[in-house]
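Remarks on the structure that follows.
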């Protein structure tokens, strides 16, 4: 079945540093989703990417979908303490999603 | 709108006991999902439903049963709890044809001793 892998599993940064998490799929994806889960909270949908090579921005967050539609990345510029949490990518599989293991981001003030 | 709610928030069970987790949504969503979340393993799908009266197995269905008798409710049952089922359980729902954008409940933290 479809596998979605994320690296790194953990990332510790100083406030103001940049952060990137990478997502790779074993199969070509029709689209990819990103979710954020704050500590003690539940996952919240951030964005969907659909087109090959697509780049979308949300303030300091930049999301990219690879040309081959098998990988994606999330880059945060100048991290803030509010960015703390776990970021998940997810690929579609019929009427369900397959989530990556997530990247847990901690930000030291 | 309350969105997606889960009952209970916390529960401690002894091995062999049974329980039911309730998920309710007030967004008229067709699709509903049950996940478990364990450290370092992301979100793993247990069972899901694409409409009232229908259910299907996910990645890790063993030891769990589900029912979707009403569109707004999705129940997850553990017939004989085991320590390996200690986890955080999340329910989610989405509009028909939009499994990409799921709305999650606050979670249930279950400990089996």
Please give the number of the condition residue A:20 fails out of (1) more than 10 Å from every other protein chain (Cβ to nearest Cβ); (2) at pLDDT 95 or above; (3) within 16 Å of residue B:100 (Cβ to Cβ).
(3)
Restricting to the stretch B:88-113, and then to whatever is in contact with a strand residue (DSSP E or B) (Cβ under 7 Å, 6 or more places away or on another chain), closer than 15 Å to residue A:98 by Cα and part of a loop (DSSP other than H, G, I, E, B), can you tell me which residue is farthest from the other protein chains (Cβ to nearest Cβ)?
B:102
Hey, does the stretch A:30-46 have a residue that's at pLDDT 95 or above, over 24 Å from residue B:38 (Cβ atoms), surrounded by 13 or more Cβ atoms within 10 Å (Cβ to Cβ) and more than 9 Å from chain B (Cβ to nearest Cβ)?
no
Of the numbered conditions (1) under 15 Å from residue B:6 (Cα atoms); (2) within 13 Å of chain A (Cβ to nearest Cβ); (3) not in a loop (DSSP other than H, G, I, E, B), residue B:48 satisfies every one except a single condition; which is it?
(1)
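Going by the structure shown, is residue A:6 within 27 Å of residue B:31 (Cβ to Cβ) and modelled with pLDDT of 95 or more?
Yes: the conditions hold for residue A:6.
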Would the stretch A:65-85 turn up any residue that is under 13 Å from the mean Cα position of the chain (by Cα), surrounded by fewer than 23 Cβ atoms within 10 Å (Cβ to Cβ), within 14 Å of another protein chain (Cβ to nearest Cβ) and within 24 Å of residue A:40 (Cα to Cα)?
yes
When (1) more than 19 Å from residue B:100 (Cβ to Cβ); (2) at pLDDT 95 or above; (3) within 14 Å of chain A (Cβ to nearest Cβ); (4) not in a strand (DSSP E or B) are applied to residue B:29, the one that fails is (1)
For residues that are in a strand (DSSP E or B) and without any contact (Cβ under 8 Å) to a residue 60 or more places away in the chain, scanning just the stretch B:36-45, find the one that is nearest to residue A:35 (Cα to Cα).
B:43
Residue within the stretch B:65-87 that is part of a strand (DSSP E or B), touching a strand residue (DSSP E or B) at 6+ places or on another chain (Cβ under 7 Å) and closer than 18 Å to residue A:41 by Cα present:
yes
Evaluation of residue A:12 against (1) on the phi > 0 side of the Ramachandran plot; (2) in contact with a strand residue (DSSP E or B) (Cβ under 6 Å, 6 or more places away or on another chain); (3) surrounded by fewer than 13 Cβ atoms within 10 Å (Cβ to Cβ) (one fails), failing number:
(1)
Is there a residue in the stretch A:54-64 that is in contact (Cβ under 8 Å) with a residue 40 or more places away in the chain and either touching a strand residue (DSSP E or B) at 6+ places or on another chain (Cβ under 6 Å) or at the interface with chain B (Cβ under 8 Å from one of its Cβ atoms) (or both)?
no
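The values are calculated or read from the model by the stated rules, or taken from the named source; none is laboratory data. Everything numeric in this text was worked out from a predicted model, so none of it was measured. Note that we place each Cβ from the backbone using ideal geometry, even for glycine, and neighbour counts take in every protein chain shown.
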